[in-house]
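Structure, as structure tokens:
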Amino acid sequence: MQTYRLSLFVFIITVLTFSFNTSAYGQSASDSFVIMIDPGHGGRDSGTPGTGRYKATEKDIALDVSLALGKMIKQKLKNVKVVYTRDKDVYPTLNGRAVKANKKDVDLFISIHCNAQPGKKGTAYGSETYVLGETKNKENLEVAKRENNVMALEDNTEVYKDFNPSSTEFLLSLELAQEEYLDHSIKLARYIEDEFQVTAKRRSRGVKQNIFYVLAYTYMPSVLVELGFLTHKKEEDFLNSKKGKDLMTRSLFNAVEKYLKYLNVNTKDVVFVEETPVKQVSSNIEFKVQIAASSKALETKPYNFNGLSNISRNYDANRKLYKYYYGGASDYNEILRLEKEAINKGYESSFVVAFKDGKNIPLIDALKTIAN
Ligand SMILES: [Zn+2]
């Protein structure tokens, strides 16, 4: 009996220790932070051929930049581990890429691609970074179609039968599974697009949302980067040049470094990162920190929320859930400060949400509104 009790006690302690060692980002305190780099396409899938003036296609440029980025991270950043979905000219399936990321306990997933403009115009140029989300924009839908369509060429298309971006039900389940990662994904995406502009002096087409398979099925913050258009002659020249690849690699590295520093702030480390100030124009946007969701209607008193006051509650009829928010601010930097506070109070999977005239709207749209 005594032995049994003792082993039960040891078991409970082990479980507790294990859960407290794991931070909000799925990163275990003792392990390194794992970044998975996913060079798009590969093998028989060459991606966009661009203008056809170069032998190298999308798959080659994506691989070059991915390997260079991984190398730079390994050389310069401590406690960060880099893994790849592919490190040579082979084709891992889209499903295979996502499965690998989830299995390896990846903390951050970066998929690297090059863009193409349909038709013969070749006028579109600039970089784009995507996070997961529904879009109604025609051009964006074209990009998703092109990147997702490779699944049709795979041998086992059965695994994709539930992937249905036009179904409301599918989108709702996706949102539920992914919402806690979204604000971190947006954070990195903004750093990346800023860096492309400042460090590589490229035209940024901005942070966008789309339903990409590899973003939908990786359960961690994840972004998909379109380095530029290979159908645009000048941009194709740039991305095929050593200088171009170096600049894009350096930009991606700087963005990753900023993101890691930002997380350290969240995890109570000492590094302070200066936020790019977000201009405040629209006053009817309000940001809040979502700290919890539950089927129970709790009173919004500090004793129910680890001492946090200024808690508000909303009922989400779609999901039959009460959502609990901490704080409220029209200033994005202020809400990031409150998010850190909530995390430090034990709400490790807190994330920022946005409201316009009291209605929940996508965070990315709110950020666009206040930035314009
Ligand atoms: Zn691609």
| query | Among the residues of segment 21-31, is there at least one that is in contact with a Phe, Trp or Tyr (Cβ under 9 Å, 6 or more places away or on another chain), modelled with pLDDT of 50 or more and not acidic (Asp, Glu)? | reply | no
| remark: For LYS340, the lone unmet condition from (1) touching a helix residue (DSSP H, G or I) at 6+ places or on another chain (Cβ under 6 Å); (2) in a strand (DSSP E or B) is (2)
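Does THR135 count as more than 13 Å from the ligand (Cβ to nearest atom), in contact (Cβ under 8 Å) with a residue 12 or more places away in the chain and more than 25 Å from LEU63 (Cα to Cα)?
yes
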| For the subset of segment 54-84 comprising residues that are assigned to a loop (DSSP other than H, G, I, E, B) and more than 12 Å from LEU239 (Cβ to Cβ), which member is nearest to the ligand (Cβ to nearest atom)? | LYS55
| said: Name the residue that is farthest from LEU263 (Cα to Cα), counting only residues in segment 163-208 that are among the polar types (S, T, N, Q) and open to solvent by less than 20 Å² (accessible area, probe 1.4 Å). | reply: GLN178
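Of the residues TYR130, TYR84, TYR160, which single one is open to solvent by less than 70 Å² (accessible area, probe 1.4 Å), among the aromatic types (Phe, Trp, Tyr) and farther than 23 Å from LEU182 by Cβ? So that I can check it myself, show each step before the final result.
On the way: TYR130 fails: farther than 23 Å from LEU182 by Cβ; TYR160 fails: farther than 23 Å from LEU182 by Cβ.
Answer to the selection: TYR84.
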| message | Looking at MET151 and the list (1) within 16 Å of the ligand (Cβ to nearest atom); (2) in contact with a Ser or Thr (Cβ under 9 Å, 6 or more places away or on another chain); (3) within 24 Å of GLU193 (Cβ to Cβ), which single condition is not satisfied? | response | (3)
| message | Can you find a residue that is surrounded by 13 or more Cβ atoms within 10 Å (Cβ to Cβ), small (Gly, Ala, Ser), away from the ligand (no atom under 14 Å from the Cβ) and not in a strand (DSSP E or B) anywhere in segment 105-124? | response | yes
| remark: Expected single match for closer than 29 Å to GLU134 by Cα and part of a helix (DSSP H, G or I) among VAL223, VAL207, VAL256 is VAL256
| remark: Only one of TYR324, TYR332 is hydroxyl-bearing (Ser, Thr, Tyr), surrounded by 15 or more Cβ atoms within 10 Å (Cβ to Cβ) and within 17 Å of VAL131 (Cβ to Cβ), namely TYR332
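The values are calculated or read from the model by the stated rules, or taken from the named source; none is laboratory data. Everything numeric in this text was worked out from a predicted model, so none of it was measured. In this analysis, Cβ positions are derived from the backbone assuming ideal geometry, glycine residues included, and neighbour counts consider all displayed protein chains. Just the protein is used for accessible areas: all its heavy atoms, side chains included, with ligands, DNA and RNA removed. Shrake-Rupley method; radii C 1.70, N 1.55, O 1.52, S 1.80 Å.
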